[in-house]
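Take a look at the structure below.
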Amino acid sequence: MLQSALPGLADRVREAREYALSRGLLKYDAQGQVVHLPFALTPWQAPARFVRQVRDLASIFNRLYARVSHDPEFLRQTMEPAARTDEFVSRMLACLPEDPPPRPELFLTRNDFMPLQTPEGPSPRQVEINMIAASLGPASQKVNDLQRFLYREEELGGRILPTRPGDEQIRVLVQAWKLFGDPQARILFLLPPGEKGVFDQLTLASALVLEHGVPMLRCTLEELGREGELRGGDLWFRGRRVAMGYFRGGYAPGHYEGEASWNARRLLEASTAISVPSIPAQLANMKMVQGRLTSGDVLRRYLSDSEAEAAAATFVAMAPPSEEITWRGQRGRARDLALAFPEDWVLKPQREGGGNNLYGQDMVRRLEAMRPEEDPAFIVMEYIRPAAFHSVRMVENQPVEGLCLTEFGTFGAFLMEPGGLDRPILDQDLGYLLRTKDHQSREGLVIGGYAALDVLALEEPAGIPESGGRGQAGGG
Ligand code: ADP
Ligand code: MG
């Protein structure tokens, strides 16, 4: 502790820890004890240019994914080959509605990027977009407050870029709920069985109830599937209409305890309730679709040339293992390139929630054992290497210092009336999330304990102007 690069470390550690506990920056540990979430005591520093670049992408990606989710033909074509060997994808695809009822749609997303080091400075490279259970908005807001409080007397404090993604998500949920037009209708928080990430959700849930008078219930998919019923097109559950099913689970096979869970998905798709996300949106979110969108031709079906160019500038090489690609001037099957350069690739199945990717020799073994028919259910992706920086993180009440990497996520919202794809009610950037991890760690979970929530400080003292474009948060 004496050697720390951070002056006054002991005092800061104490103050930060007390702040985290008092403001609910919490999680359950493996023993079921309530502990603070891992968080950084020092911000990641980046130029305003980087922030502007990511913000300008918000609306482009919002519209891209909204449009893709309105192209069932493309979704079927892309996901059917994966569905042949992946039971979960197959079940999801089977819920794709033939003729969805007209109703408003809400997309609440988090687009995750890594800042690749280039001669012009850090430049965003997309890891993935999350359109289901995009979490940590309130937690990111709390750690932002924490660091701004910690550095209140220092120049650094003034350069921390404020963000309020928790408040913004609440505002958007309320706005979408109002569209339903029944003050008695509930928002259902759809949780995985045995949900651990409750603190982040409770911030949202309690604000809905206490500050906005929105009726809400938490339940599992299994409960909704058993007790929910359609009446005149509306979904009813425990005596009231459902205005919205807001998924905080449903992205992993284990969240579907039985047949009733799939019934819950079908009920939501067939009803007037807003499903966040809908089945088409969740399919659009799948990694095979992300892989297909790296093709310029496919991308330009959904975006103008200049928008497609801006989005594509954030893509790294990504393809099903057997596909021919060009990478660093070499032409070959993605699989062969990955086998020849195992440290430069990652193998991903269609799963969400962390811990599913294979790297290095694990990737090599899996690729070598892969049956040809499994191929479309996987994607190989170029490994992104951001510049390492020095960071002090609080992990299990202790400061940990060392070289770290960070991942920058931007929360987004897209809200539309039926048929309003090109005239959205909302199309916004809701703020950001930074997750910082040891430079040798490969995955970036926060609740799972690998990464720390972090904050961005601008390198330039002047800060960044709040521009009022339609990709910006409305500030309301
Ligand atoms: P999941 O859907 O399980 O969250 P992700 O694609 O987000 O899967 O991968 C999980 C984590 O693994 C990311 O947050 C990131 O830290 C790391 N990761 C994923 N893809 C890459 C990549 N191409 N390069 C470097 N790290 C990656
Ligand atoms: Mg992820």
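Starting from region 195-219, keep only residues that are closer than 23 Å to V446 by Cβ and at pLDDT 95 or above, then list their pairs with residues that are among the aliphatic types (A, V, I, L, M) and assigned to a helix (DSSP H, G or I) whose Cβ atoms are within a distance under 6 Å, requiring at least 6 positions of separation or different chains.
Matching pairs, first to second residue: L204/I170; A207/I170.
State whether the residues of region 383-406 include one that is within 28 Å of S278 (Cβ to Cβ) and either away from ligand 1 (no atom under 14 Å from the Cβ) or touching a helix residue (DSSP H, G or I) at 6+ places or on another chain (Cβ under 8 Å) (or both).
No: region 383-406 contains no residue that is within 28 Å of S278 (Cβ to Cβ) and either away from ligand 1 (no atom under 14 Å from the Cβ) or touching a helix residue (DSSP H, G or I) at 6+ places or on another chain (Cβ under 8 Å) (or both).
Where in region 66-166 are the helices (runs of 4 or more DSSP H), entirely inside, with at least 1 residues that are surrounded by 22 or more Cβ atoms within 10 Å (Cβ to Cβ) and not charged (D, E, K, R)?
72-83, 87-94, 137-150
Would you please list the contacts, defined by Cβ atoms under 7 Å and residues six or more apart or on different chains, that run from a residue in region 339-354 that is under 17 Å from E87 (Cβ atoms) and modelled with pLDDT under 90 to a residue that is basic (K, R) and within 15 Å of ligand 2 (Cβ to nearest atom)?
Close Cβ pairs (under 7 Å, with a partner that is basic (K, R) and within 15 Å of ligand 2 (Cβ to nearest atom)) amount to Q350/K287.
Across region 180-196, what is the number of residues that are farther than 23 Å from W262 by Cβ and buried (at least 18 other Cβ atoms within 10 Å of the Cβ)?
2
Do any residues in region 377-397 that are at negative phi have Cβ atoms under 9 Å from those of residues that are hydroxyl-bearing (S, T, Y) and within 12 Å of ligand 1 (Cβ to nearest atom), where the two are at least six apart or on different chains, and which pairs are they?
Y383/Y359; P386/T406; F389/T406; F389/T436; S391/T406; S391/T436; R393/T436
Can you confirm whether R435 is in a strand (DSSP E or B), among the charged types (D, E, K, R) and within 12 Å of ligand 1 (Cβ to nearest atom)? Don't jump to the end; show me each part of the working.
Working: in a strand (DSSP E or B): yes; among the charged types (D, E, K, R): yes; within 12 Å of ligand 1 (Cβ to nearest atom): yes.
Answer is yes for this residue.
Considering only residues of region 93-145 that are within 16 Å of ligand 2 (Cβ to nearest atom) and of a type in the set (S, T, Y), which is farthest from L25 (Cα to Cα)?
T109
Residue pairs, Cβ under 7 Å, 6 or more apart or interchain, first in region 416-440 and surrounded by fewer than 18 Cβ atoms within 10 Å (Cβ to Cβ), second among the small types (G, A, S). List them.
L421/A66; H439/A388
Kindly list the number of the only condition in (1) loosely packed, with under 14 Cβ neighbours inside 10 Å; (2) in a loop (DSSP other than H, G, I, E, B) that fails for T314.
It fails just one condition, (1).
Condition check: at pLDDT 95 or above, over 21 Å from the mean Cα position of the chain (by Cα) and either at negative phi or of a type in the set (A, V, I, L, M, F, W, C) (or both). Does S306 satisfy that?
yes
Which of the residues belonging to region 203-220 are of a type outside the set (S, T, Y) and farther than 17 Å from M244 by Cα?
L210, E211
What number of residues in region 304-352 are charged (D, E, K, R), away from ligand 1 (no atom under 14 Å from the Cβ) and under 28 Å from D56 (Cα atoms)? Outline the logic, then answer.
Just the residues of region 304-352 that are charged (D, E, K, R), to begin with: 305, 307, 309, 323-324, 328, 331, 333, 335-336, 343-344, 348, 351-352.
Narrowing further to those that are away from ligand 1 (no atom under 14 Å from the Cβ): 305, 307, 309, 323-324, 328, 331, 333, 335-336.
Checking which are under 28 Å from D56 (Cα atoms) leaves us with 305, 307, 309, 328.
The number of residues fulfilling the criteria is 4.
How many residues are away from ligand 2 (no atom under 16 Å from the Cβ) and assigned to a loop (DSSP other than H, G, I, E, B) if we restrict to region 334-380?
Going through region 334-380 one residue at a time, the tally reaches 3.
Consider only pairs whose beta carbons are under 6 Å apart and that are at least six residues apart or on different chains; among these, list those whose first residue lies in region 279-296 and is in a loop (DSSP other than H, G, I, E, B) and whose second residue is modelled with pLDDT under 95.
Cβ pairs passing all conditions: M286/Q350.
Matching residues to (1) within 25 Å of the chain's Cα centre (by Cα); (2) surrounded by fewer than 21 Cβ atoms within 10 Å (Cβ to Cβ):
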position	(1), (2)
M216	yes, yes
C219	yes, yes
E222	yes, yes
G239	no, yes
A243	yes, no
G250	yes, no
E257	yes, yes
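Can you tell me how many residues in region 395-415 are within 17 Å of V143 (Cβ to Cβ) and either among the small types (G, A, S) or crowded, with 24+ Cβ neighbours inside 10 Å (or both)?
6
Within region 120-146, take every residue that is modelled with pLDDT under 95 and more than 13 Å from ligand 1 (Cβ to nearest atom) and give me the one that is farthest from the chain's Cα centre (by Cα).
Residue satisfying both the conditions and the ranking: E120.
Among L453, L445, L421, L415, which is within 16 Å of ligand 1 (Cβ to nearest atom) and in contact with a helix residue (DSSP H, G or I) (Cβ under 7 Å, 6 or more places away or on another chain)?
Working: L445 fails: in contact with a helix residue (DSSP H, G or I) (Cβ under 7 Å, 6 or more places away or on another chain); L421 fails: within 16 Å of ligand 1 (Cβ to nearest atom); L415 fails: within 16 Å of ligand 1 (Cβ to nearest atom).
Of L453, L445, L421, L415, the one residue that is within 16 Å of ligand 1 (Cβ to nearest atom) and in contact with a helix residue (DSSP H, G or I) (Cβ under 7 Å, 6 or more places away or on another chain) is L453.
Return the only residue of T118, T109 being without any contact (Cβ under 8 Å) to a residue 40 or more places away in the chain and hydroxyl-bearing (S, T, Y). Before you say what the answer is, go through the steps one by one.
Numbers: T109 fails: without any contact (Cβ under 8 Å) to a residue 40 or more places away in the chain.
Within the list T118, T109, the selection yields T118.
Across region 451-465, what is the number of residues that are assigned to a loop (DSSP other than H, G, I, E, B) and either at pLDDT 75 or above or in contact with a Pro (Cβ under 7 Å, 6 or more places away or on another chain) (or both)?
Looking only at that region, the number is 4.
Here are some residues: A334, A312. Which one is within 21 Å of T85 (Cβ to Cβ) and free of Cβ contacts under 8 Å to residues at least 60 places away in the same chain?
A334
Can you tell me how many residues within region 353-368 are closer than 25 Å to E407 by Cα and either within 15 Å of ligand 1 (Cβ to nearest atom) or among the basic types (K, R) (or both)?
Final tally of qualifying residues: 10.
The values are calculated or read from the model by the stated rules, or taken from the named source; none is laboratory data. Just so it is clear, the structure is predicted and the values come from calculations on it, not from any experiment. As a convention, Cβ positions derive from the backbone with ideal geometry for all residues, glycine included, and neighbour counts pool all protein chains shown.
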